[in-house]
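Attaching a single structure in structure tokens format; questions to follow.
The values are calculated or read from the model by the stated rules, or taken from the named source; none is laboratory data. The structure presented is a predicted model; accordingly, all values stated were derived computationally and were not measured. So basically every Cβ, Gly included, is an ideal-geometry build from the backbone, and we count neighbours across all protein chains shown. Ligands, DNA and RNA are stripped out before the accessible areas are found, and what is left, the full protein with its side chains, is counted by its heavy atoms. Shrake-Rupley method; radii C 1.70, N 1.55, O 1.52, S 1.80 Å.
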Number of protein chains: 2
Amino acid sequence: RNKKAESDMEMHLNNLTKPAGSLGRLEELAVKLAGMQGIPDVSHPAVLVFAGDHGVTEEGVSLYGQELTSLMVKNFVQGGAAINVLAKEIGASVTVTDIGVKGETPGAESKKVKNGTGNIAVEAAMSLEEAEQALNAGADTAAEAIEKGAKLIIPGDMGIGNTTVSSALIAAWTGAGVNDISGNGTGVTGTQLRLKQDVIRRAVRRISCTEPLDILAELGGLEHAAMAGAMIEAAGRKTPILVDGFIASAAALAAEKLAPLSKEYFIFGHRSAEAGHGRALEMMGGEPLLDLQLRLGEGTGAAAAYPLVSMAAAVVREMAVFSDLGIDA
Amino acid sequence: RNKKAESDMEMHLNNLTKPAGSLGRLEELAVKLAGMQGIPDVSHPAVLVFAGDHGVTEEGVSLYGQELTSLMVKNFVQGGAAINVLAKEIGASVTVTDIGVKGETPGAESKKVKNGTGNIAVEAAMSLEEAEQALNAGADTAAEAIEKGAKLIIPGDMGIGNTTVSSALIAAWTGAGVNDISGNGTGVTGTQLRLKQDVIRRAVRRISCTEPLDILAELGGLEHAAMAGAMIEAAGRKTPILVDGFIASAAALAAEKLAPLSKEYFIFGHRSAEAGHGRALEMMGGEPLLDLQLRLGEGTGAAAAYPLVSMAAAVVREMAVFSDLGIDA
């Protein structure tokens, strides 16, 4: 993080033709981008969606069956999902990577590690080797996007059951109570929500490890590992990462545990309506740009926030300074 | 407001390939747009900036002198202000109208009613005829933009002293205490803030009228009247109005008082950091999309929110429905 660039940016912001500080969080964003990049540039955003299945769905934690994961991958490939529409709105590329879907995913980039994870209520989600393979696959996907010109990445997720898995990861890393951090996911309530919370509790109690990679392998999803890998790679390349909601924040927590400096490149896009997101954000010191009751995932909340990041970069590149108007600032 | 279109839109939203309600406030926006327009379409947004001066600046209520208004108009015309940069980011046209600047404004559209208003602490800001002239000028500006193809308008403001005037209007219409609704404007604090509050109190106490047009003429700015006129005209043409922060909300309140149905076409872009915005929003039942500590005006907060409105419209136009994937919704 370039502190000199940050303080230079603060001075520049005060010379722009507006009252000091009047662009609020857009100014904070500009300073943060300067610290990451020197000159802010978030052009050619790349949405990187990772899809995987979760053995824990056999416990009945989700409203939908696992088969919806591959159907939604088809939807992404065909351009019909919410993230496709929002990506088009912001001029972002979309790559859809099968990192562990159970079944075929024609048209998706295949980096499949295996056909879905183990059921975290009773067994490890994946082996350490599988976790590393998914981390590396995510890193490769980010590297490819950045080499093609992306100056900002938006990791997204698809995987029926992944709010359960994210809750388990966040519980393990924040120490928060399961009831405080598990929510309705795609729409579970009442008895099914209590069952989901019980499953998360069983998963968290089952493990005794403390190393980040061990926890990720025990409780994670393959898409969490891939997203974390993408984040670590992007941070290493000084590329801002626009973090989506609940699932992406669980992955961001994994990235930070594995590579603490990666946090310096996080910009939090939105506050999820999913209970528990707040705890993960608190732990990372994140204050999202948007709070619009979104709870969809796929990277949609981050894509919705992207125009604000782009505006922050544009303001410092394009606005006039007071001396242009013949005024002493 | 077309209630049938709203309920049809609610049904359509539930068929889209996402969990019901998971796009949160974007879904609410889509329903609201459907009620206004039938099929949501917010393409070709038009930023309409109205600039005017305020006699009340002679009381010393602002950090800047009146001469900054015409300098900033020059900046708008040259494309160097924050609103120019944000308008470019969202693909919006910008028109800059001099509705009452003291002095010359080369390059701006001239609809000047007079060279600045009277000092509201001691006299009426304008006559009823002048208020009507400004309302009509604003309406004409909106009509021109809509006839050129704008499907959404963003009224913006420039005028040194206009937070003082906006506070007076909001105090008169909401009955709120002056200390609760007057804030730092471009940066006044301490003694100067107390002086500003005293000036607002004197202005509000000076008047005894209750008719909206009388209040607007007594306490308003020419840009408030023009913005209100633009809003009323747009609403009459079933065109959504993205309302900026504190100044624009004072104008929106005027529009609503003069033509109550215009409120149905308001979408509130952002919650201003300026104290008192909350009271105006409460009175109109508005819940802004963004809360980013902006306090600049010019239409910037509305422009920052525009991509969300555009996304809401795109989602319902472009997303696949479950039956496209062979799933019963």
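Are any of the residues in region B:275-284 more than 12 Å from chain A (Cβ to nearest Cβ) and at positive phi? Show your work before the answer.
Of all residues in region B:275-284, those more than 12 Å from chain A (Cβ to nearest Cβ) come to B:275-284.
If we keep only those that are at positive phi too, we end up with B:276.
Yes, some residue in region B:275-284 is more than 12 Å from chain A (Cβ to nearest Cβ) and at positive phi.
So which of A:Y306, A:Y265 ends up being buried (at least 24 other Cβ atoms within 10 Å of the Cβ), within 11 Å of chain B (Cβ to nearest Cβ), more than 21 Å from A:T164 (Cα to Cα) and modelled with pLDDT of 95 or more?
One residue alone meets the criteria, A:Y306.
Table: residues versus (1) of a type outside the set (A, V, I, L, M); (2) modelled with pLDDT of 95 or more; (3) touching a strand residue (DSSP E or B) at 6+ places or on another chain (Cβ under 7 Å).
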| residue | (1), (2), (3) |
| --- | --- |
| A:V178 | no, no, no |
| A:Q192 | yes, no, no |
| A:A203 | no, yes, no |
| A:E218 | yes, yes, no |
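Using the structure shown, decide if B:A259 is crowded, with 24+ Cβ neighbours inside 10 Å and more than 10 Å from chain A (Cβ to nearest Cβ).
No, not satisfied.
B:L281: more than 18 Å from A:D291 (Cβ to Cβ) and in contact (Cβ under 8 Å) with a residue 24 or more places away in the chain, yes or no?
no
Tally time: how many residues in region A:70-79 are open to solvent by less than 20 Å² (accessible area, probe 1.4 Å) and polar (S, T, N, Q)?
We begin by selecting, within region A:70-79, every residue open to solvent by less than 20 Å² (accessible area, probe 1.4 Å); these are A:72-73, A:75-76.
Still in the list and also polar (S, T, N, Q): A:75.
Going through region A:70-79 one residue at a time, the tally reaches 1.
Follow-up. B:P19 fails exactly one of the following numbered conditions: (1) in a helix (DSSP H, G or I); (2) of a type outside the set (F, W, Y); (3) more than 21 Å from B:S262 (Cβ to Cβ). What is the number of that condition?
Every condition holds for B:P19 apart from (1).
Right, here's the next one. Among (1) modelled with pLDDT of 95 or more; (2) more than 28 Å from B:V204 (Cβ to Cβ), where does B:L135 come up short?
Only one criterion in (1) modelled with pLDDT of 95 or more; (2) more than 28 Å from B:V204 (Cβ to Cβ) is unmet by B:L135, namely (2).
Can you find, within region A:205-253, the residue that is nearest to A:A5 (Cα to Cα) among those that are acidic (D, E) and in contact (Cβ under 8 Å) with a residue 24 or more places away in the chain?
Taking the candidates together, the pick is A:E233.
Same structure again: Collect the residues in region B:37-69 that are closer than 29 Å to B:G149 by Cα and open to solvent by less than 10 Å² (accessible area, probe 1.4 Å), keeping them in residue-number order.
Once the filter is applied, which keeps residues that are closer than 29 Å to B:G149 by Cα and open to solvent by less than 10 Å² (accessible area, probe 1.4 Å), region B:37-69 yields B:P40, B:V42, B:P45, B:A46, B:V47, B:L48, B:V49, B:F50, B:A51, B:G52.
Further, regarding this structure: Modelled with pLDDT of 95 or more, farther than 16 Å from B:T163 by Cβ and among the aliphatic types (A, V, I, L, M): which single residue out of B:L213, B:L281, B:L222, B:L253 fits that description?
None of the other options fit; the residue is B:L213.
Which pairs have Cβ atoms under 9 Å, sit 6 or more apart or on different chains, and link a residue in region A:54-77 that is closer than 11 Å to A:M158 by Cα and within 10 Å of chain B (Cβ to nearest Cβ) to one that is crowded, with 22+ Cβ neighbours inside 10 Å and modelled with pLDDT under 95?
Close Cβ pairs satisfying both conditions: A:L68/A:S62.
Shifting gears a bit: When only residues in region B:228-256 that are out of contact with any Asp or Glu (no Cβ under 7 Å at 6 or more places or on another chain) and among the β-branched types (V, I, T) count, which is most open to solvent (accessible area, probe 1.4 Å)?
B:I232
Would you please name the residue that is farthest from the chain's Cα centre (by Cα), looking only at residues in region A:80-131 that are open to solvent by less than 10 Å² (accessible area, probe 1.4 Å), under 29 Å from A:E59 (Cβ atoms) and within 14 Å of chain B (Cβ to nearest Cβ)?
Selected residue: A:A81.
Mind checking whether some residue in region A:22-36 is among the polar types (S, T, N, Q), more than 9 Å from every other protein chain (Cβ to nearest Cβ) and not in a strand (DSSP E or B)?
Residues of region A:22-36 that are among the polar types (S, T, N, Q), as a first pass: A:22.
Of the ones still in play, those that are also more than 9 Å from every other protein chain (Cβ to nearest Cβ) are none.
No, region A:22-36 contains no residue that is among the polar types (S, T, N, Q), more than 9 Å from every other protein chain (Cβ to nearest Cβ) and not in a strand (DSSP E or B).
Would you mind telling me which numbered condition in (1) touching an Asp or Glu at 6+ places or on another chain (Cβ under 9 Å); (2) surrounded by fewer than 24 Cβ atoms within 10 Å (Cβ to Cβ); (3) modelled with pLDDT under 95; (4) of a type outside the set (V, I, T) B:D140 fails?
Among (1) touching an Asp or Glu at 6+ places or on another chain (Cβ under 9 Å); (2) surrounded by fewer than 24 Cβ atoms within 10 Å (Cβ to Cβ); (3) modelled with pLDDT under 95; (4) of a type outside the set (V, I, T), the lone unmet condition for B:D140 is (3).
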